[in-house]
Each structure stands twice: as C-alpha cells, then as structure tokens.
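Take a look at the structure set out below.
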Amino acid sequence: MSKKGTLEIECTECGAEGYLEGWASINASLNPELKDKLLEGKLHVYQCDQCGASVHISAPLLYHDMDKEFMVQFYPFGMTESYRVLNNFDRHAKLNANWDSITESIPEYMSNIHVVFSMNELVRYITFMDRLIQHKKSIENGLTACFTCDRGVPIGELCYCVSRNKAVKTNDDMDKDEIVESMTSIQVCGECFNKPRAKDLDFGELQIYQLKLEIKGFSQFRGWRTKQSNDWQPLKKIVDSCSLCRTSIDSGDTYTKIELSEEQQIGDLVQTEGVYLLSIICEKCAEKYMVWLY
Ligand SMILES: [Zn+2]
Ligand SMILES: [Zn+2]
Ligand SMILES: [Zn+2]
C-alpha cells in the first residue's frame, strides 16, 4: 500500500505557506501511476498558489516493488544528522525496517532495503533494478536477449545472432569443418532488425569485446537482407584467405569464421533458419584482435 501524508510547505520564492499531498511510501506494484510520476520527476513538486513557483520538496520516500522484490529508501541527506533517523540503522548501515504492523512473515528482500540520499539516485536505482530484473527474467525464461533493446526475444520472432566460431580447416566446404570454440557476440531481435536504417543500431556498452568487423558485418548483412542496399552479400563458404590480412588459409590451419544466423525459438527448441558467412580470420589476426573468454 502507498502511504500518503500532508506536508506543510513554506514557498522558497515568496514565503507563502501551503500544503502538499506527499507520499511517505510508494508501492509500484499497486500504484504504477505513482511510479510513473516519480520517474518523470513530478512527484513531490509543490506549486505555490501565491506566486506560481514550482518547488521540488525533499521528503523521505520509501519505494516498494512487490513484483520485482526490492525496496529503496530515500532520505534527504540532511536527515542523517538526526538521532531519530540514525536509530533506524544498525552499525553496518542496514536499515531496520519497522514491520511491526505486519504479522505474517515478511519476504527476505523486505529486510534488505537499499538506501539513497538523492532523488536522482533513487530514480537511477529503480531504473537499474528494472533493467536487472528484466535481464534475469529473460535468462530464466530461456529467451535470447536483444543487445540493443534489452528485451527477451519472444517465441516465434526471428533473432539475428553473430557468432565467432573457431575451426580447423579440413574441408573445402567450411560448413563441414569441425568447430572447436564458439561464442555469440551480437544478438538482435527481429523488431530492432527491421527498424528503418536511418540510425544504426546502438549496442551501447557491451560486456564482451567486439570486433568492429562484427558490427560492420552485421549492418552490411542487415542492408542486404532488408534490400536497402545491394553492394554487399554474404561470403561464399569456400573463402580461403583472411578477411583482414589476406593470408591464405590452408588445410590444417585454425581459423575463425564470423557467422550470422537467423534463429527462431519454437517451443523449447531454437530453429536455425539460415547461416551466413560475414568474414573469416586467420589464427594470427584472431590472436591479435579477439578476446576469447574461455
Ligand atoms: Zn510562492
Ligand atoms: Zn531488440
Ligand atoms: Zn589475418
């Protein structure tokens, strides 16, 4: 439940006195409209009747998300001078929430309340937790997460995955070479893939090091696939020289192929619709430019 109170305000502009309906706590699960207001910076904004000034009021606020299972307490920093506030914490700065009014046993997260001292940090922490929980959920659901929009790719929607596959050349047909190491470097959902090309997709800060080659290869593929450009097409799978240094790759050599696969999850299975070769890299260049996380 969200808790409301009336705050007595003295306008910082003209000194006139007034009242503001303030929230001591917000339950985002029960009152999503209050969460929206908070994230838009519109909560606890006082508009003076006398002079029209609008003022942000700094009042303690407890934020509770029951679905995502987290709580954050905002205290205006000045309040840390108050004994009453300090008494709410143990010596390890753990906030002793007062749940006396609740008789049934409380979930563990409710005794792990994160504390912040500015409203900006409150908004950031909530945004961070929303992203984190969304990410964890998409992993739990076994869904592929899109690198650019962060959502789990829904079942049945095409997903475009770039992977690095290390193989030893034993065949003329690269598809028959045995793969010894493999990792995904880019995953993009169908919705992002089909966005107009005006602005290139933003991969933000990625956890793994990526070759510019992979991002470039991906956007070339995208142009070709969506028929926006025909000055590029996937390599034939008989390529025998490094895309970077042109050294020939002979039988017995280890090489890395950068491939893009179109995949779709159907039920519990991931079905590959097509695999396209973006580039191949000799062992020397791979050592120089790639980081293998194994
Ligand atoms: Zn005023
Ligand atoms: Zn996406
Ligand atoms: Zn090379």
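The values are calculated or read from the model by the stated rules, or taken from the named source; none is laboratory data. Fair warning: this is a prediction, and the values are worked out from it, not measured in the lab. Heads up, the Cβs are rebuilt from the backbone with ideal geometry, glycines too, and the neighbour counts pull from every protein chain shown. When the accessible area is computed, the model is the full protein with side chains, heavy atoms only, and any ligands, DNA or RNA have been set aside. Shrake-Rupley method; radii C 1.70, N 1.55, O 1.52, S 1.80 Å.
One table, with the values for the structure above:
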read-out	value
Added length on full extension, which subtracts the Cα-Cα distance from 0.36 nm per residue, Val270 to Ser241	7.3 nm
Sequence of Val72, Val123 when ordered by accessible area, the most exposed leading, probe 1.4 angstrom	Val123, Val72
Relative contact order of the chain, pairs being alpha-carbon contacts under 8 Å that are 6 or more residues apart, as %	12
Which of Ser248, Ser279, Ser105 is most accessible, then next, and so on - probe 1.4 Å	Ser105, Ser248, Ser279
Cα-Cα pairs of the chain separated by more than 29 Å (percent)	55
Accessible area in the full protein assembly, largest first, 1.4 Å probe, for Asp250, Asp90, Asp65	Asp250, Asp90, Asp65
Surface accessible to a 1.4 Å probe, Thr12 within the full protein complex, Å²	110
The stretch 237-282, accessible area per residue, ligands and nucleic acids excluded (1.4 Å, Å²)	47
Net charge over other residues, Cβ less than 11 angstrom from the Cβ of Glu191 (K, R count +1; D, E count -1)	+1
Per-residue SASA entry for Trp224, accessible area with 1.4 Å probe, Å² rounded to 10	70
Cross-link pairs Lys37/Lys94; Lys216/Lys236; Lys42/Lys94 - those with Cα-Cα distance over 20 Å	Lys37/Lys94; Lys42/Lys94
Volume per residue of the C-alpha convex hull in the stretch 158-289, rounded to whole Å³	123
Contact order relative to length of the stretch 3-140, as percent, for alpha carbon pairs under 8 angstrom and 6 or more apart	18
Cut-off 15 Å between beta-carbons: net charge of the residues surrounding Leu30, Lys and Arg +1, Asp and Glu -1	0
Estimated [θ] at 222 nm from DSSP helical runs (n ≥ 4, -39500 (n - 2.57)) normalised by residues in the chain, nearest 500	-6000 deg cm²/dmol
For the stretch 219-250 and the stretch 34-69, distance of Cα centres in Å	53
Candidates Lys137, Lys169, Lys212, ranked by Gaussian network fluctuation over the chain, Cα under 10 Å, top entry	Lys212
Sequence-distant lysines (8 or more away, or on other chains) whose Cα lies within less than 16 Å of Lys137	Lys68
Debye equation applied to the C-alpha atoms of the stretch 3-140, log10 I(q)/I(0) at 0.15, 0.21 Å⁻¹	-0.84, -1.40
